[in-house]
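All remarks here apply to the structure that follows.
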Amino acid sequence: MMTQEIIKVDGLVKKFHNLTAVNNLSFTVNEGDVYGFLGQNGAGKSTTIRMLLTLIAPTLGSIELFGMNLQTHRNEILQQVGAVIEKPDVYKYLSAYDNLKLFARLNGKVTHKKVMDQLEVVGLADRAKDKVKTFSQGMKQRLGIAIALIHDPKLIVLDEPTNGLDPQGIADIRNLILHLCKEQKKTLLVSSHLLTEIEHIATKVLIIDKGRKIIEGSSADLFDPTQTIVEIQTTDNAFALQQLQQSNWRNSLQLERNEAVVIKIDKQAIPQLHRDLVNMNLRLLSLQPKHSLEDYFLQVTSGKQHVDAFTN
Amino acid sequence: MWTLLQIELYKIFRRPRTYIAFVAITVLVSIVQLGLKSDGKEYIDFVLSDLKNSLSIEGKILNGYFVCYALLQMLLVNVPLLIALIAADMISGEANAGTLRFLLTKPVSRFEFILAKFLAATVYTLMLLIWLAILALFVSLLLFGTGDMIIPRNGYLVQLKASDVFWRYIGAFCFAALAMTTVAAVGFFLSLFAENSIGPIVATMSIIIVATILSTMSIPLFNKIKPFLFTTHMVAWKEFFDIKVDENNASIAGTVQHPERITRSAIVLAIHIVALVTASVYVFKRKDVLS
């Protein structure tokens with residue numbers, strides 16, 4: 001059976017005056033994926049997500065959801081999407097019930113039972129009539145997720161869903177994501193700046209930095225302990241990339257960064273790679289295996305500012 | 001569209017801030033009514049002081065119709081400020097609260113969304129005017145009774161038979177609704193450019209104050225721009241209370257002295273509304289939601 005492409009992004013660019021927030025980004029999310037969208041704060045995750053939800057217009061590139069062009073089929077597509085972007089801000093002067101009903105009506109008719117059932121799912125049924133201004137951050141987050149889910153969307157987009165939550169709240173969200181994927185067969189795009197958060201739930205991972213794709217692959221591959229990421233630096237990285245693309249290593253290639261070519265291979269294959277690079281007449285400056293994806297993530301996302309977050 | 005409008009109205013009328021304007025109008029009207037009830041004769045003497053020497057006026061001048069006119073003169077200058085509180089908050093308030101991005105991820109077109117929001121602001125404006133009408137006209141009629149209406153206008157007195165007044169108030173309130181909707185459109189348009197409510201509210205109030213000053217100052221330079229200022233035309237509701245006279249200087253019931261002024265002002269205000277709403281739709285459809 002063919003897997004349906006739920007999100008297909010091609011050559012996406014977003015510029016704000018002189019700042020390029022998203023730079024030639026392409027990726028595909030298939031049906032049933034929990035797609036982890038990783039990058040440090042300011043990497044371009046939220047901008048990309050906002051473009052997927054039509055909050056921001058792309059400067060260049062195309063976005064297709066469910067096989068339809070987002071620009072021309074906006075409402076049809078958004079009917080099948082539920083999203084929480086950054087903080088789940090709702091109307092503080094309304095109750096949880098009123099908020100949920102209000103937002104649900106934008107997707108169509110909704111019954112009292114449906115609203116209460118959804119509040120039950122996120123554990124807020126007993127606080128249904130309480131005003132949101134009395135809620136904790138975790139409760140607001142659960143209400144936001146209830147709003148995203150009430151119309152039974154096929155695709156759920158969660159932007160930094162665990163921000164500001166305590167450990168129990170984080171665990172609850174993680175379990176909810178797994179439940180939605182495994183039990184309800186939903187497709188999820190979940191962004192985070194925490195690798196540890198994504199590695200437990202994602203089936204595929206995309207890491208971006210400064211708006212550019214750094215690495216993409218299935219979690220099984222990326223988190224495979226027998227595999228390693230190798231960073232190759234030569235005197236001419238563009239030529240090195242060209243040579244590798246024409247070799248047997250082409251399927252292992254990730255992409256060329258400014259200072260290096262990145263390749264993902266079995267640890268045992270490192271000596272062979274070294275021999276092949278020498279045979280290609282490349283002037284090798286360094287060949288550096290990384291111990292883990294986390295190690296690599298820290299380095300490529302210029303994680304200086306956020307090292308603390310990764311070492312939790 | 002109907003659902004969107006219902007949702008917007010629901011949000012407006014569930015928010016405590018909405019009722020500030022209703023309370024403010026109630027307090028202002030009550031204070032004026034109380035003052036006139038206790039000491040209205042002196043106020044009448046003051047208003048008619050210029051004409052007292054040349055005219056002898058008998059009868060019950062301080063009646064509900066007169067009080068309502070006095071109230072409208074005082075309040076229709078201040079009501080725009082109360083309207084700005086809500087209209088200038090319509091988009092910026094949602095951006096500030098973070099709910100705008102949530103709303104716009106729903107399958108609702110931006111055109112419908114912005115139109116529903118403006119219509120909701122208009123309904124709020126109309127509700128405020130209806131409340132003002134109830135308090136200023138009907139409560140005044142209850143407190144002060146009816147009678148012929150005598151009002152001073154630019155050096156002469158206009159006398160309207162009691163039976164010839166009520167329809168004029170309907171016309172005046174309808175015109176005021178158009179004028180206040182223009183104010184709402186100004187505030188609404190400005191609310192597109194900010195992510196907090198204070199800026200657009202203050203900007204709307206400032207525009208109204210500056211434009212009102214320009215409209216009332218008689219300086220040749222300003223006279224050229226006056227016809228284009230919405231504040232110049234907002235006061236045309238008063239034209240409903242001027243009446244045509246025949247060759248014997250007797251009032252002709254059911255007439256208005258300068259109906260063309262009302263029509264012209266109504267057209268100018270309507271153009272303002274259409275232009276501002278069109279501009280709002282244009283800007284909002286292209287707006288990147290970053291809040």
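Evaluated against (1) part of a loop (DSSP other than H, G, I, E, B); (2) under 24 Å from residue B:131 (Cβ atoms), residue B:196 falls short on exactly one condition, (2). Scanning the stretch A:178-221 for residues that are in a loop (DSSP other than H, G, I, E, B) and within 21 Å of residue A:167 (Cβ to Cβ) gives A:193, A:194, A:200, A:201, A:202. If the condition is being in a helix (DSSP H, G or I), more than 9 Å from chain A (Cβ to nearest Cβ) and farther than 21 Å from residue B:23 by Cβ, then the stretch B:81-99 contributes B:92, B:94, B:95, B:96. Remark: residue B:191 falls outside the filter, which requires a residue to be at pLDDT below 90 and more than 30 Å from residue B:39 (Cα to Cα).
Applying the condition of being among the charged types (D, E, K, R) and out of contact with any Ser or Thr (no Cβ under 7 Å at 6 or more places or on another chain) to the stretch A:250-291 and asking which residue is modelled with the highest pLDDT yields A:275.
Checked against (1) on the phi < 0 side of the Ramachandran plot; (2) surrounded by fewer than 24 Cβ atoms within 10 Å (Cβ to Cβ); (3) within 10 Å of chain A (Cβ to nearest Cβ); (4) not β-branched (Val, Ile, Thr), residue B:102 passes all but condition (2). Taking the stated definitions as given, is residue A:126 over 25 Å from residue A:50 (Cβ atoms), of a type outside the set (Val, Ile, Thr), in the same structural domain as residue A:25 (by TED's automatic domain parsing) and over 15 Å from the mean Cα position of the chain (by Cα)? Yes: the conditions hold for residue A:126.
Identify, please: which residue in the stretch A:82-122 is out of contact with any helix residue (DSSP H, G or I) (no Cβ under 6 Å at 6 or more places or on another chain), within 7 Å of chain B (Cβ to nearest Cβ) and in contact (Cβ under 8 Å) with a residue 40 or more places away in the chain and is, among those, surrounded by the most Cβ atoms within 10 Å (Cβ to Cβ)? Per the stated criteria, the residue is A:107. Residues in the stretch A:78-135 that are among the β-branched types (Val, Ile, Thr), touching a strand residue (DSSP E or B) at 6+ places or on another chain (Cβ under 9 Å) and part of a loop (DSSP other than H, G, I, E, B): 1 in all. Looking across the stretch B:105-125, the residues that are crowded, with 20+ Cβ neighbours inside 10 Å, within 11 Å of chain A (Cβ to nearest Cβ) and over 10 Å from residue B:5 (Cα atoms) come down to B:105, B:106, B:108. Residues in the stretch A:225-242 that are surrounded by 14 or more Cβ atoms within 10 Å (Cβ to Cβ) and in contact with a strand residue (DSSP E or B) (Cβ under 9 Å, 6 or more places away or on another chain): A:227, A:228, A:229, A:230, A:231, A:232, A:233, A:234, A:237, A:240, A:241. Residues of the stretch B:14-25 that are within 11 Å of another protein chain (Cβ to nearest Cβ) and assigned to a helix (DSSP H, G or I): B:14, B:18.
Applying the condition of being outside any loop (DSSP other than H, G, I, E, B) and in contact with a Ser or Thr (Cβ under 9 Å, 6 or more places away or on another chain) to the stretch A:136-155 and asking which residue is modelled with the lowest pLDDT yields A:141. In the set A:32, A:11, only one residue is more than 14 Å from chain B (Cβ to nearest Cβ), farther than 25 Å from residue B:98 by Cβ and in a loop (DSSP other than H, G, I, E, B); that residue is A:32. Quick check, is residue A:231 assigned by TED's automatic domain parsing to the domain that holds residue A:283 and in contact (Cβ under 8 Å) with a residue 40 or more places away in the chain? Answer is yes for this residue. Applying the condition of being in a helix (DSSP H, G or I) and free of Cβ contacts under 8 Å to residues at least 40 places away in the same chain to the stretch B:250-264 and asking which residue is nearest to residue B:174 (Cα to Cα) yields B:263. When restricted to residues that are within 13 Å of another protein chain (Cβ to nearest Cβ) and among the polar types (S, T, N, Q), the stretch A:49-62 contains 2.
Restricting attention to the stretch A:38-56, does a residue exist that is part of a strand (DSSP E or B), at pLDDT below 90 and closer than 27 Å to residue A:220 by Cβ? Looking for residues that are part of a strand (DSSP E or B), at pLDDT below 90 and closer than 27 Å to residue A:220 by Cβ, one finds at least one in the stretch A:38-56, hence yes.
For residue A:154, are the conditions met, namely being assigned by TED's automatic domain parsing to the domain that holds residue A:112 and within 29 Å of residue A:260 (Cα to Cα)? Considered against the rule, which asks whether it is assigned by TED's automatic domain parsing to the domain that holds residue A:112 and within 29 Å of residue A:260 (Cα to Cα), residue A:154 comes out as no.
The values are calculated or read from the model by the stated rules, or taken from the named source; none is laboratory data. Keep in mind the model is a prediction, meaning the values are calculated, not measured. No Cβ is skipped: glycine too gets one built from the backbone with ideal geometry, and neighbour counts run over all protein chains shown.
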